[in-house]
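> Before anything else, here's the structure in question.
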Amino acid sequence: HEMKLMALSLVVGCVCFPSMGHAQAGPWTSAKLPGEQNRAVQGCANDPQKAGDWLCIFVRCDQPGSPVSLYFSVMGPDIQGNIELVVDEEAFAVSVPGTLKSALPLSTRAGGVPNGLLDAMKAGRTLSIQGSYLQPPHNQISLENSRKAIESVERACMRPYPGPAAFWRRISRSVGFY
């Protein structure tokens with residue numbers, strides 16, 4: 001439980017919650033989780049049901065050279081099962097298996113990213129999660145600045161990370177071995 005509380009405080013401390021009155025959702029940013037800033041971006045709801053609640057979606061590069069993945073982080077029960085992500089008026093079916101291991105703390109990983117979802121997210125204004133226990137307006141995330149953020153992860157994921165062989169080639173060239 002201590003590890004979960006530490007991760008919880010990290011996520012809660014990093015997510016900006018609205019001031020009193022009507023909340024404006026914040027822009028997408030690089031992930032606020034340690035070690036994830038260069039491989040993931042997040043968009044979070046700015047209208048929590050109560051203080052300390054959060055709802056965030058992460059677009060993450062799990063493996064260089066592979067497509068990006070989608071993660072959900074929420075205070076309370078995990079988002080699991082068959083849900084719909086609605087971007088403006090366009091719906092996308094997403095499966096979030098309870099058995100799929102998540103690389104991010106306090107999150108669940110979608111089984112895949114439906115065709116067209118990322119493009120819709122980059123061009124859309126609002127995303128809402130349908131088919132979970134979350135109810136409007138607490139299930140909505142602004143897509144402000146999502147294009148720039150998501151494209152940065154897509155670009156990073158398409159570039160292969162230099163492996164040990166590339167490292168040693170660079171070292172060998174710098175000292176004149178070849």
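The values are calculated or read from the model by the stated rules, or taken from the named source; none is laboratory data. Note that the structure is a prediction, hence the values are computed from the model and not measured. Heads up, the Cβs are rebuilt from the backbone with ideal geometry, glycines too, and the neighbour counts pull from every protein chain shown. Only protein heavy atoms, including side chains, enter the accessible area calculation; ligands, DNA and RNA are left aside. Shrake-Rupley method; radii C 1.70, N 1.55, O 1.52, S 1.80 Å.
> Output ³J(HN,Hα) for region 67-84: one whole-Hz value per residue in order, computed from phi by the Karplus curve 6.51 cos²θ - 1.76 cosθ + 1.60 with θ = phi - 60°, and x for Gly and Pro.
So the Karplus estimates, Gly and Pro as x, are x, 6, 10, 10, 10, 10, 10, 8, 6, x, x, 4, 7, 9, x, 8, 10, 10 Hz.
> Determine the dipole magnitude for region 52-127: charges of +1 sit on the beta-carbon of Lys and Arg, -1 on that of Asp and Glu, nothing else is charged, the reference point is the Cα centre, and the result goes in debye to the nearest 20.
300
> Heavy atoms of the protein only, probe of 1.4 Å, neighbouring chains included. What is the accessible area of residue 113 in Å², nearest 10?
Surface open to solvent at residue 113 totals about 50 Å².
> Can you give me the long-range amide H partners of residue 54? Hydrogens built in the peptide plane at 1.01 Å from N, cutoff under 5 Å, separation of 5 or more residues or another chain.
HN-HN under 5 Å from residue 54: 75.
> Once fully extended, how much extra length lies between residue 159 and residue 115, figured as 0.36 nm per residue of separation less the alpha-carbon to alpha-carbon distance?
13.7 nm
> What's the ranking of 125-131, 95-101 by average number of surrounding C-beta atoms within 10 Å, highest first?
So the order, starting with the most tightly packed, is 125-131, 95-101.
> If the chain between residue 82 and residue 135 were fully stretched, how many nm would it gain, using 0.36 nm times the residue separation less the Cα-Cα distance?
17.5 nm
> Continuing with this model, one more query. Roughly how big is region 84-145's charge dipole about its Cα centre, with Cβ charges of +1 (Lys, Arg) and -1 (Asp, Glu), in debye to the nearest 20?
320
> Could you please report the charge total around residue 123, scoring K, R as +1 and D, E as -1 over all other residues with beta-carbon less than 15 angstrom from its beta-carbon?
Overall, the nearby charge balance is -3.
> Going by amide H atoms built from the backbone, whose H comes under 5 Å of the H on residue 47, apart from near neighbours?
The answer is none.
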